[in-house]
1. Mind putting a number on the dipole of region 7-53 about its Cα centre? Charges go on the C-beta only, +1 for Lys and Arg and -1 for Asp and Glu, and I need it in Debye to the nearest 20.
2. For region 146-226, go through all pairs of different Cα atoms, get the mean of 1/r, take its inverse, and jot down that Kirkwood value in Å.
3. Once amide H atoms are built 1.01 Å from N in the peptide plane, which residues 5 or more positions from I219, or in another chain, come under 5 Å H to H?
4. Quick one: if the Förster radius is 30 Å, what FRET efficiency do S254 and E159 give, using the C-beta to C-beta distance and rounding to 0.05?
5. Tell me which of A272, P247, G205 sits at the most positive position along the dipole axis of region 181-273, charges placed on C-beta atoms (Lys, Arg +1; Asp, Glu -1).
6. Is there a quick way to get the dipole size of the chain? I mean about its Cα centre, with the Cβ of Lys and Arg at +1 and of Asp and Glu at -1; what is the value in debye to the nearest 20?
7. Where does helix 14-24 land angle-wise versus the long Cα axis of the chain, in degrees 0 to 90, nearest 10?
8. Along region 257-273, what does the Karplus equation 6.51 cos²θ - 1.76 cosθ + 1.60 (θ = phi - 60°) give for ³J(HN,Hα), rounded to whole Hz, x for Gly and Pro?
Amino acid sequence: MIPVAFDYIRASSADEALAALGEHGDEAKLMAGGHSLLPMMKLRLAYPSVIVDIGRLSDLSYVNDGGDHLAIGALTRHRDVEINEMVQEHAPLLAMATAHVGDPQVRHRGTIGGSLAHADAAGDHPSALLALGGSVVATSASGDERVIDGTDLFTGFLESSLEPTEMITEIRIPKHTGQGWNFQKFNRRAQDWAIVGVSAQRSNGSAKVALVNMHPTPIRATAVEEALAGGASAAEAADQAAVGMEPSGDLNASVEYRSHLARVLTRRALEAAGIS
């Protein structure tokens, strides 16, 4: 299908992009790589009257050492996250999840901030953010900043707690140097969305587990985490993976099949991460 007509603004800086959001409000949408927004516009699931193109900005493309965390600019390309040495050392789960995003063409154009702002439960980055205990910095058109914990970012199906005049400017990932981790993804083809996926991260004796495509929103598997905290084995905890989840059935998998995959992949992730 053809999108509805829209005005186009190519921002030359983050401040200019925010000013455009302040002017047009919820009638405007940001576009970086465009891999999520453009298909939605073609399907008439999104119909902004103004597109603010931020894909050529360089001021929000970086990976910096923030002391106890990594500070990643929202417009950092997937490929740059995937191969960054600091990410590989201090947050290898994020590097591995990023390596599973789409195909090389997508990873060279798509951005981590755009992936998180899209808030897709079938996406790989949201689960990694949740398992790593990460957060995002949202900057408003007025210049105010607020830090949103990953558990508060995703509010509904393709919905986030970002305001219409806010954009993600930075992602903050706590360092997990030398800690056990694993990422599991089951899909039909290498570049497909996950039928089910699992991010597991061990941190100082505790564990966080997040699931892909098992709920309308990106979500932590709290039943698994509680079982582990209570002394359950990896296998016993993994049996709780579908508890509290609302997976959908489609042409790729039934609800029962997704629930089964969640249990199997969670056990694999926990065992590979050394979490038991």
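1. On the way: 4 positive and 7 negative charges, 69 e Å.
Dipole size: approximately 340 debye.
2. Numbers: mean 1/r = 0.0682 Å⁻¹.
Result for region 146-226, one decimal place: 14.7 Å.
3. Hits under the 5 Å cutoff: L211.
4. Values: r = 25 Å, r/R0 = 0.84.
Once rounded, the FRET efficiency stands at 0.75.
5. Value computed over the given set: A272.
6. Working: 22 positive and 34 negative charges, 206 e Å.
Computed about the Cα centre, the dipole is about 980 debye.
7. So the inclination is approximately 80 degrees.
8. So the J values, rounded to whole Hz, are 5, 4, 5, 5, 4, 4, 5, 5, 5, 5, 4, 4, 5, 5, 5, 5, 7.
Any read-out appearing in this document is the output of simple, stated calculations on the displayed coordinates, not a laboratory observation. In this text, all values refer to a predicted model and were calculated from it rather than measured experimentally. Every residue, glycine among them, receives a Cβ derived from its backbone with ideal geometry; neighbour counts consider all protein chains shown.
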